[in-house]
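Since the structure comes first, as structure tokens, the remarks are kept for the end.
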Amino acid sequence: MLARSPANLTWRAEGLRCRVLARRPSRPTGPCWAWECSGLRRPLTFGEMAKNLLNATSLSARTKLLHQVGVSLYNTSHGFYEEEVKKTLQQFPGGSIDLQKEDNGIGILTLNNPSKMNAFSGVMMLQLLEKVIELENWTEGKGLIVRGAKNTFSSGSDLNAVKALGTPQDGVALSMFMQNTLTRFMRLPLISVALIQGRALGGGAEFTTACDFRLMTPESEIRFVHKEMGIIPSWGGASRLVEIIGSRQALKVLSGALKLNSEKALNIGMVEEVLQSSDETKSLEEAQEWLMQFVNGPPEVIRALKKSVCSGRELYLEEALQNERDLLGTVWGGPANLEAIARKGKFNK
């Protein structure tokens, strides 16, 4: 727990007593405070101060928050009222989000609104959350392919909904709803790949960044067109894009200076591979074959692997290591482990 005594500016974090001795002239990268901790004095940078304060949060609480099914980023404490947002989105029908779960543990999630290039209507946003919840509870699932109907990925938000949600408050509420949904999607214990056929524009481009991998067909493109609309990405796409390709390349892409056809996207590491076919059926078959190399194995092992990667990405090292240890306990000595040991033992004789 973190506590502060206003009288002497003493801070206590996880049993460590620290006192601010003096404020130094602020510099962008230099030390700004002198601290006295357990009898030792040394200057701390802004980054160290922030890390110390964040570390005061319970390790187990953050780990539980990451992996607890159904936990969202925002709630009423952030001014987010999900049920009200749902009622608003329900007013904008059109299209559907379709989910097909195969016996091999691979799901196919299809954005289906072809008359509008698979743009997200309000109802589709609601259905996406419903499908994410269904996938959270699919214990036999191992992988997921996200695609658009009729050989194009998605053109982002339906402009009918965008026009009606015209106030800053409306925009922020929609942002929080979609950030909640796509963060839960990203944390699914399934290895996911976006199959980008045709165009992935705006919110469609943002959705691709929530997948673990991206594949493109030869004539496809990814464009973050938000600047042209006078806004910025709001579904978490900018933050995830920086993680995927780095801040310099992300600025080029978000500003529109770098337009991502399949060749450029491959060169900067935005996608893993350019598929051979642009045909809707054949490219889906290629994507399924490509994904199988990652999900060939028992569901409990694949799912534990994905969870451990999520921990490494979102938690501090100490927390991630503890979570990796706990995940190991779910598979060590399990059926897949014992079968593998027995199989290897035969070769060693």
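In this structure the amide hydrogen of Ser154, modeled in the peptide plane, comes within under 5 Å of the amide hydrogens of Arg199, Ala200, Leu201, none closer than 5 places in sequence on its chain. Protein heavy-atom accessible surface, 1.4 Å probe, per residue over region 73-293: 44 Å².
What the phi angles of region 314-323 give under the Karplus curve with 6.51, -1.76 and 1.60, with θ = phi - 60°, is a coupling list of 9, 10, 5, 4, 4, 5, 4, 5, 5, 5 Hz, glycine and proline written as x.
What is the percent carbon and sulfur in the accessible area of region 299-342, measuring with a 1.4 Å probe over the protein chains and ignoring ligands?
The value for region 299-342 is 64 percent carbon and sulfur by accessible area.
For region 70-212, lysine pairs separated by 8 or more sequence positions, or belonging to different chains, with Cα-Cα distances below 16 Å total 6. Modelled spin-label separation between Glu130 and Lys227, with each label point placed 7 Å from Cα along the Cα-to-Cβ direction: 3.8 nm. Taking a ≥ b ≥ c as the square roots of the Cα gyration tensor eigenvalues, region 299-342 comes out prolate, since a/c reaches at least 1.5 and a/b is larger than b/c.
Suppose all protein chains stay in the model; what accessible area per residue would a 1.4 Å probe give for region 299-342, in Å²?
61
Solvent-accessible area assigned to carbon and sulfur over region 73-293 amounts to 50 percent, based on a 1.4 Å probe. Derived scalar couplings between HN and Hα for region 171-185 equal x, 5, 4, 5, 4, 5, 4, 6, 5, 4, 5, 6, 5, 5, 4 Hz in order, rounded to whole Hz, by the Karplus curve 6.51 cos²θ - 1.76 cosθ + 1.60 (θ = phi - 60°), x for Gly and Pro. Among Ala205, Leu195, Ile133, flag the residue with its Cα farthest along the positive direction of the charge dipole of region 73-293, charges on Cβ as +1 for Lys/Arg and -1 for Asp/Glu. Value: Ala205.
The values are calculated or read from the model by the stated rules, or taken from the named source; none is laboratory data. Given the structure is predicted, the values throughout are model-derived calculations rather than measurements. Please note: Cβ atoms are built from the backbone with ideal geometry, for glycine as well, and neighbour counts cover all protein chains shown. For accessibility, only protein heavy atoms count, side chains too; no ligands or nucleic acids. Shrake-Rupley method; radii C 1.70, N 1.55, O 1.52, S 1.80 Å.
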